[in-house]
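The values are calculated or read from the model by the stated rules, or taken from the named source; none is laboratory data. Only a predicted model underlies this, so the values are computations on that prediction, with no experimental measurement involved. Here Cβ is always computed from backbone atoms with ideal geometry, including for glycine, and neighbour counts include all displayed protein chains. Accessible surface areas use protein heavy atoms only, side chains included; no ligands, DNA or RNA. Shrake-Rupley method; radii C 1.70, N 1.55, O 1.52, S 1.80 Å.
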Amino acid sequence: MNRWLALIPLAVLAALAAMFVGWSLKRDPAFKPDALVGQTIPETVLPLLSGDQAGPGNLDLKTAGVGRPMLVNVFASWCAPCRIEHPKLLALKARGVAVVGIAYKDEPVATRAFLDELGDPYSMVLVDREGRAGLDLGISGVPETFAVDAMGRITGKQSGPLLNDADIDRLVASMQAPPRPAPTKR
């Protein structure tokens, strides 16, 4: 009788495993929760990268775009995929797209060396040593990029490096203001 009682936990474990397999077969692997898309970018005050130092000035991420659309790219000097996406960010800068960088859990000296080595695609870089902006934005890792319209609303998100031109065009298009109808005479 005691032998059969020992098999009960194994049976429960097997049932849970079968439920998990069933759930993962129904799950859409392309689905990525983008909780902040459609919401205003969070208010997060961070120091600006000045040379190889953080500060002396601080800036609220919400006002970084100054009423213009922008991409917010969370990156780090220690991140290998960030190096891979870097040429795409430089191409965006050449196209005139404003890209604000957030140096995530990185030392300012390492961030400056990274940008000096690969080129600086950012209109400004904010220093996030403690990862506070990462928490506010709900990132799962670096790099992540957010498209923000002129009103400060997040219109798109890319988790992982920007490698595909179609993904980049989707983000850039999403942050552009929709055309407004012309006023009519009454």
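What the table shows:
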quantity	calculated
Within the chain: Cβ-based charge dipole about Cα centre, in debye rounded to nearest 20 (Lys, Arg +1; Asp, Glu -1)	820 debye
Added length on full extension, which subtracts the Cα-Cα distance from 0.36 nm per residue, residue 83 to residue 153	22.5 nm
Around residue 45: net Lys/Arg minus Asp/Glu count, Cβ-Cβ under 12 Å	-2
Karplus (6.51, -1.76, 1.60) ³J(HN,Hα), θ = phi - 60°, over segment 44-49, in Hz, Gly and Pro reported as x	9, 8, 10, x, 7, 6
Accessible area in square angstrom per residue, segment 85-186, 1.4 angstrom probe	51 Å²
Normalised contact order of the chain, rounded percent, pairs of Cα under 8 Å and 6 or more residues apart	24 percent
Estimated translational D of the chain in µm²/s (Stokes, Kirkwood radius over Cα pairs; 4 °C; 1.567 mPa s)	70 µm²/s
Selected from 66, 82, 111, residue furthest toward positive end of dipole (the chain; charges at beta carbon)	66
3J(HN,Hα) from dihedral phi, segment 152-158, Karplus parametrisation 6.51/-1.76/1.60, rounded to Hz, x for glycine, proline	x, 9, 6, 10, x, 8, 10
Kirkwood Rh, Cα atoms: Rg over Rh of segment 78-186	1.05
Apportionment of accessible area to carbon and sulfur, segment 39-175, percent (1.4 Å)	54 percent
Antiparallel %, DSSP beta bridges [both residues in the chain], to 5	65 percent
Dipole moment magnitude, nearest 20 debye, segment 76-186 about Cα centre, only Lys, Arg, Asp, Glu C-beta charged	720 debye
Whichever aspartates and glutamates have a C-alpha closer than 20 Å to that of residue 62, once near sequence neighbours (fewer than 8 apart) are set aside	34, 43, 128, 130, 136, 144, 149
Contour excess over end-to-end distance, with Cα ends at residue 18 and residue 37 and 0.36 nm allotted per residue	3.5 nm
